[in-house]
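The block underneath contains the structure these notes are about, expressed in structure tokens.
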Amino acid sequence: MWAIVTTEDVTDRKGADEMLREHAIPMVKQAPGFVGAFWVRFDGGRGTSVVVFETEEQARVGAPEVGAGSRGVTFTNVMVGEVAAHA
């Protein structure tokens, strides 16, 4: 399995929550090789996400670009890596 791990700046929490529920989650769930995902909110307008796919290629295709974003969310860091273990 391979994961996309991102960090985000969130400037509009309501817009970000709406975008996540209405667009991001449905789109990710339909992506080829999707395994699972978590989105985490931190204080200070920061967030992170971990989205897991079956293969490296599927993860790389699904990874957003640094600086991309919409509705109050901007990706500040994007990494793709192999899942070493899970429980």
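On the stretch given as region 1-31, residues that are surrounded by 14 or more Cβ atoms within 10 Å (Cβ to Cβ), in contact with a Gly (Cβ under 8 Å, 6 or more places away or on another chain) and assigned to a helix (DSSP H, G or I) total 4. Cβ-Cβ distances below 8 Å connect the following pairs, each with a first residue in region 73-87 that is loosely packed, with under 11 Cβ neighbours inside 10 Å, a second residue that is of a type outside the set (S, T, N, Q) and not in a strand (DSSP E or B), and a separation of six or more residues or different chains: Asn77/Val66; Glu82/Met1; Glu82/Glu56; His86/Met1.
Can you tell me which residue is surrounded by the most Cβ atoms within 10 Å (Cβ to Cβ) among those in region 32-51 that are over 9 Å from the mean Cα position of the chain (by Cα) and assigned to a strand (DSSP E or B)?
Among those that are over 9 Å from the mean Cα position of the chain (by Cα) and assigned to a strand (DSSP E or B), it is Gly47.
Taken over region 52-72, the criterion of being assigned to a loop (DSSP other than H, G, I, E, B) and either surrounded by 15 or more Cβ atoms within 10 Å (Cβ to Cβ) or touching a His at 6+ places or on another chain (Cβ under 8 Å) (or both) is satisfied by Ala63, Pro64, Arg71, Gly72.
Just so you know, all these numbers are worked out from the coordinates, no wet-lab data involved. Note that this is a predicted model, so its numbers are computed, not measured. Don't worry about glycine lacking a Cβ; one is built from the backbone with ideal geometry, like all the others, and counts go over all protein chains shown.
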